[in-house]
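Quick notes on the structure that follows.
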Amino acid sequence: MKLSTSKLPHIGTTIFTKMSQLAHEHQAINLSQGFPNYSPDPVLLEEVSKALHNGKNQYAPLQGIFSLRETLCHKLNTLYGSDYQPKTDITLTAGATQAIFTAISAFIKAEDEVIVFKPAYDCYEPAIELYGGKPVLIQMQAPSYKIDWEEVAAKISSKTKMIIINSPHNPSGKVLQQKDLEQLQQLVEGTNILILSDEVYEHLVYDDQKHYSVAHFPKLAERSFITYSFGKTFHVTGWKLGYCVAPKAMMKEFNKVHQYNVFCVNHPMQVAINSYLQEEKHYMQLGDFYQQKRDYFLSLIKDSRLELTPSEGTYFQAASYKNISQEKDTVFALRLIKEKGLATIPISVFNKDQQDDHMLRFCFAKKDETLKAAAKIINTL
Ligand code: PMP
Ligand code: GLN
């Protein structure tokens, strides 16, 4: 049978699946797909066990359990000075991925333009295209990966329906500054442009930098969906649990899709996470924890031939291998797995037209012994 009518004929398997599979096949150290290789906090696991045994095993409410929505709105409002209401402004989702997909599918129609900054996390564009929208791509240039706001202004048209931002940024590890958000605010003022702000790494920011959430800017928050992930925050990427916040009228539309997409998400995990979140230290210490990982990794590879500036946020380190090889990054990454036993992500796959800057992404959310073994390989390159 010919499937020429499928909606995404040009899309292949994600780079994360490809690289993790190859890492497995070649028994390579896997610094490619972003997930920790250590266990989550036993206290959190105990909370899950309690919830499972306390009969929280049937459907949760559509938007998620109220107590968790209350806790999360309180956390956001305290951290970012926002005013999210648990009744109307928040929905628990199957990871940030479903939140992103749902926000896009609730609003993007044929011919709508959506501005996406490249390199971009890979789930934005396919979702836009599925609904007939047109991704308008703006390439940020390595190694600074800064947004050129004049270019953004030039790309905004009467068809621009949404702008997607992501800070801390995957894969570059860069963090947007207050002036970036102020520029964005200026550009969208007086328009009907929506913002989708992917903030899954909100707590992973280093060197006393700050995470600027759009929630902190009332004139941005009034038009923004913000997406978060417990997978990232609590070292449990396999739980696929996250949430989305936005003003009431936007969440109303979001929930119209959500109710038929999944209806609701994992109930016992929500109960457990709500208990766990009662202690602030469970999320406020994450930045220090990951900064130690980053610093350890960077100290191990400081004499290598990689060129890099320390990651400002996320658990990824981007680095140039241009002093080692002139091969295309996809070719170099493949050879690294097969010949050296180290899996990474070639950043070109996230770039506009697969622009190749000879950059790789390394995930440092790994046990110290894994980072040590990876560094040993890197130092021989
Ligand atoms: N956005 C970014 C920038 C990511 O790196 C990821 C990967 N975790 C997601 C969204 C998806 O998060 P989740 O695993 O919770 O679906
Ligand atoms: N967010 C993770 C990363 O960037 C991967 C998630 C996935 O495998 N889809 O590596």
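The values are calculated or read from the model by the stated rules, or taken from the named source; none is laboratory data. A quick note: this is a predicted structure, and the numbers were derived from the prediction, not measured. No Cβ is skipped: glycine too gets one built from the backbone with ideal geometry, and neighbour counts run over all protein chains shown. Just the protein is used for accessible areas: all its heavy atoms, side chains included, with ligands, DNA and RNA removed. Shrake-Rupley method; radii C 1.70, N 1.55, O 1.52, S 1.80 Å.
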If you plug each phi of region 125-132 into the Karplus form 6.51 cos²θ - 1.76 cosθ + 1.60 with θ = phi - 60°, what whole-Hz ³J(HN,Hα) values come out, in order, with x for Gly and Pro? 5, x, 5, 4, 5, 4, 9, x
Sort region 311-381 into rounded, prolate or oblate with this rule: let a ≥ b ≥ c be the square roots of the eigenvalues of the Cα gyration tensor; rounded if a/c is under 1.5, and if a/c is not under 1.5, prolate when a/b is larger than b/c, oblate otherwise. oblate
Rounded, prolate or oblate: which one fits region 15-144, using the alpha carbon gyration tensor with axes a ≥ b ≥ c (rounded when a/c is under 1.5, else prolate when a/b beats b/c, else oblate)? oblate
Average Cα contact separation per residue, the chain, under 8 Å, 6 or more apart, as relative contact order %: 25
What GluC sites (Glu not before Pro) does region 65-126 have in DSSP loop regions with at most 11 other beta carbons within 10 Å? E111
Scan region 149-220 for GluC sites (Glu not before Pro) in coil per DSSP, keeping those whose Cβ has at most 16 other Cβ atoms within 10 Å, and list them by number. E189
For region 144-149, in order, what is each residue's ³J(HN,Hα) by Karplus, 6.51 cos²θ - 1.76 cosθ + 1.60 with θ = phi - 60°, in whole Hz (x at glycine and Pro)? 7, 6, 8, 7, 8, 5
Using just the Cα positions, wrap the chain in a convex hull and report its mean projected area in square nanometres, one decimal place. 19.5
Sort F35, F263, F16 from largest to smallest accessible area, using a 1.4 Å probe on the heavy atoms of the protein chains. F263, F35, F16
Which residue, D329, D303, D180, has the most motion in a Gaussian network model of the chain that connects Cα atoms within less than 10 Å? D303
Please find the FRET efficiency linking E327 to D207, where r is the Cβ-Cβ separation and R0 is fixed at 30 Å, and quote it to the nearest 0.05. 0.40
Return a whole-number percent for the relative contact order of region 59-282, with Cα pairs under 8 Å and 6 or more residues apart as the contact set. 29
What order, most packed first, do the peptides 203-213, 353-363 have when packing is the mean number of other Cβ atoms within 10 Å of each residue? 353-363, 203-213
Could you give the accessible area per residue of the chain, probe 1.4 Å, as a whole number in Å²? 45
For region 35-128, which trypsin sites (Lys or Arg not before Pro) are both in a DSSP coil and crowded by at most 14 other Cβ atoms within 10 Å? K87, K109
Most positive-pole-ward Cα, Y59, Y145, H211, against dipole of the chain from beta carbon charges: Y59
The answer for the net charge of residues other than M162 whose Cβ lies under 14 angstrom from its Cβ, with Lys and Arg +1 and Asp and Glu -1, is -1
Charges only on Cβ, +1 for Lys and Arg, -1 for Asp and Glu: so what's the dipole of region 166-314 about the Cα centre, in debye to the nearest 20? 420
Positive-end residue, the chain charge dipole about Cα centroid, Cβ charges, pick of L334, S82, Q186: L334
For D207, net neighbour charge (Lys/Arg +1, Asp/Glu -1) across residues whose Cβ lies under 12 Å away: -2
Determine the share of region 59-282's accessible area contributed by carbon and sulfur atoms, expressed in whole percent, with a 1.4 angstrom probe. 51
Who wins for biggest fluctuation among N274, N54, N266 in a Gaussian network model of the chain, springs between alpha carbons below 10 Å? N54
Listed residue pairs exceeding 30 Å between alpha carbons, taken from K87/K146; K7/K252; K161/K232: K87/K146
Assign unit charges at the C-beta atoms only (+1 for Lys and Arg, -1 for Asp and Glu), then state the dipole size of the chain relative to its Cα centre in Debye, rounded to the nearest 20. 780
Would you list the membrane-span-like helices of the chain, meaning whole DSSP H runs whose alpha-carbon atoms span at least 27 Å along their axis and whose mean Kyte-Doolittle value is at least -0.5? none
Estimated [θ] at 222 nm from DSSP helical runs (n ≥ 4, -39500 (n - 2.57)) normalised by residues in the chain, nearest 500: -11000 deg cm²/dmol
Taking max minus min of the Cα coordinates of region 59-282 on each principal axis, largest first, gives extents in Å of 46, 42, 31
Of F101, Y243, V114, which is farthest towards the positive pole of the chain's charge dipole, taken about the Cα centre with +1 and -1 on the beta-carbons of Lys, Arg and Asp, Glu respectively? F101
